[in-house]
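The values are calculated or read from the model by the stated rules, or taken from the named source; none is laboratory data. All figures in this text were calculated on a predicted structure; none of them were measured in a lab. All Cβ positions, even for glycine, are placed from backbone atoms using ideal geometry, and neighbour counts span all protein chains on display.
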Amino acid sequence: MSKKVMVFVGTSKGGFIFESDKKRKKWQMSDIQFKGWNVMHVQLDPRDNRLHAATSHFVYGPTTHHSDDFGKTWTQAKVSPMLSRPSKSGRPASTVEEAFRSEGGESIQDKPEKMHKVWNIKPGRKEEPNVLYAGAQPASLFVSKDRGETWELNEALYDHPQRGEWNPGAGGLCLHTILLDPTNLNRMYIAVSAAGCYRTDDGGQTWKPHNKNVRADFMPNIFPEFGQCVHKMAMHPSTPNVIYQQNHCGEYRSDNAGEDWIDLGEGKLPTRFGFPIAVHPTDPRTIYVVLEESQEYHMSVDGQLAVWRSRDAGDSWQRLTNGLPERARVNVLREAMGTDSFEEAGIYFGTNTGQLFYTRDSGESWDLLADFLPPIQSVEAAVV
């Protein structure tokens, strides 16, 4: 059976699905999904081809949906992430406030926290069927053990003793990255802006910060134990001890499961600031970032939209512009870059002005896949 490529795009006013054959030259676009809703992330679970969407609405609030027919129909989660913390009585929580109260009747930070968004949905490993993870704002991790039908809060992270010192970035206090070690079922990583990278080695019962040598230039101690503003992290499943991150203060790589980090940007890149980072699907040493002129001016460096690629794990970089507009004052958000799984990889990214770009040759040349979309918040690709 011939393969097809699907690209899932989340925007501030709905979601879109694009399909093509493996040549990736002609694309079909779906009708808008969740029209009028804020779609933060759309992710296909490769284990069962169930599609998951992180959505929110200014009236109905945040929740997740799932589809078993590639977006033709959707079902809302029975228990949304914001409603999964037990109440004092032991019954499932029935309100946002009740969901985030401790058993003593008061919240972790003396008042109930309101759930704002689900940022990211991550399918579990093949050894943990039916399990999914979700990161949310305010910074919290949720787990589903029934394919996204219901969600439970990871209380160990929510009750972390350092939580009171975490500070929100410009996008809020959000848990936006979840990385699962495919060789160790008890190990996973999360990233919070602005708290940094945290790792668990006991399946989520305890969490420790892993931010050694990562800068936080906005703090009195620029190398704190935690408090760094991670923008996005990425891992290739073939090298799970190697982790890459795009940070408020540079680009980094860890070769030892986050124990310490190596600066990849100093003197090599024109700016230290950007949001997305992606790893080539078949080459774990090839990575891609999109940079911004500065944290004050969220726009393309020198007015030229570009992707920077490294083929040696960040030791050197090449600026890729072939096919990208020369006059562009745009930015690319943290979730808005994804890859397919072909050897000559498709890399896809979307802009805050509604353009979706892609390459069929690992970045050598770029094409416009779609235009005039709402501001793009996330891009994921899958071969099915």
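At-a-glance table
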item	result
Number of the exception - LYS126 against (1) touching a residue at least 60 places away in the same chain (Cβ under 8 Å); (2) under 26 Å from PRO224 (Cβ atoms)	(2)
Selection within the stretch 336-346 - assigned to a loop (DSSP other than H, G, I, E, B) and either in contact with an Asp or Glu (Cβ under 6 Å, 6 or more places away or on another chain) or of a type in the set (Ser, Thr, Tyr) (or both)	SER341, GLU344, GLY346
Selected residue (only one of PRO209, PRO237, PRO161 is surrounded by fewer than 15 Cβ atoms within 10 Å (Cβ to Cβ), modelled with pLDDT of 95 or more and over 18 Å from the mean Cα position of the chain (by Cα))	PRO161
Condition met for GLY196 (within 20 Å of the chain's Cα centre (by Cα) and buried (at least 20 other Cβ atoms within 10 Å of the Cβ))	yes
Restricting the stretch 295-350 to residues that are touching a Gly at 6+ places or on another chain (Cβ under 7 Å) and among the basic types (Lys, Arg), the residue that is nearest to GLU380 (Cα to Cα)	ARG309
Residues located in the stretch 19-44, provided they are crowded, with 20+ Cβ neighbours inside 10 Å and of a type outside the set (S, T, N, Q)	ARG24, PHE34, TRP37, VAL39, MET40, HIS41, VAL42, LEU44
Of residues in the stretch 1-18 being over 23 Å from LEU333 (Cα atoms) and not aliphatic (A, V, I, L, M), the one surrounded by the fewest Cβ atoms within 10 Å (Cβ to Cβ)	SER2
Selection from the stretch 1-18 of residues that are without any contact (Cβ under 8 Å) to a residue 60 or more places away in the chain and under 22 Å from the mean Cα position of the chain (by Cα)	GLY15, ILE17
Selection within the stretch 9-19 - in a strand (DSSP E or B) and either under 15 Å from VAL118 (Cβ atoms) or not hydrophobic (A, V, I, L, M, F, W, C) (or both)	GLY10, THR11, GLY14, GLY15, GLU19
Complete set of residues in the stretch 347-383 that are of a type in the set (Gly, Ala, Ser), at negative phi and outside any strand (DSSP E or B)	SER365
Verdict on ALA306 being of a type in the set (Gly, Ala, Ser) and touching a residue at least 60 places away in the same chain (Cβ under 8 Å)	no
Selection from the stretch 285-308 of residues that are surrounded by 18 or more Cβ atoms within 10 Å (Cβ to Cβ) and outside any loop (DSSP other than H, G, I, E, B)	ILE287, TYR288, VAL289, VAL290, LEU291, VAL301, VAL307, TRP308
When residues of the stretch 262-281 are limited to those that are assigned to a loop (DSSP other than H, G, I, E, B) and within 20 Å of the chain's Cα centre (by Cα), the one modelled with the lowest pLDDT	ARG272
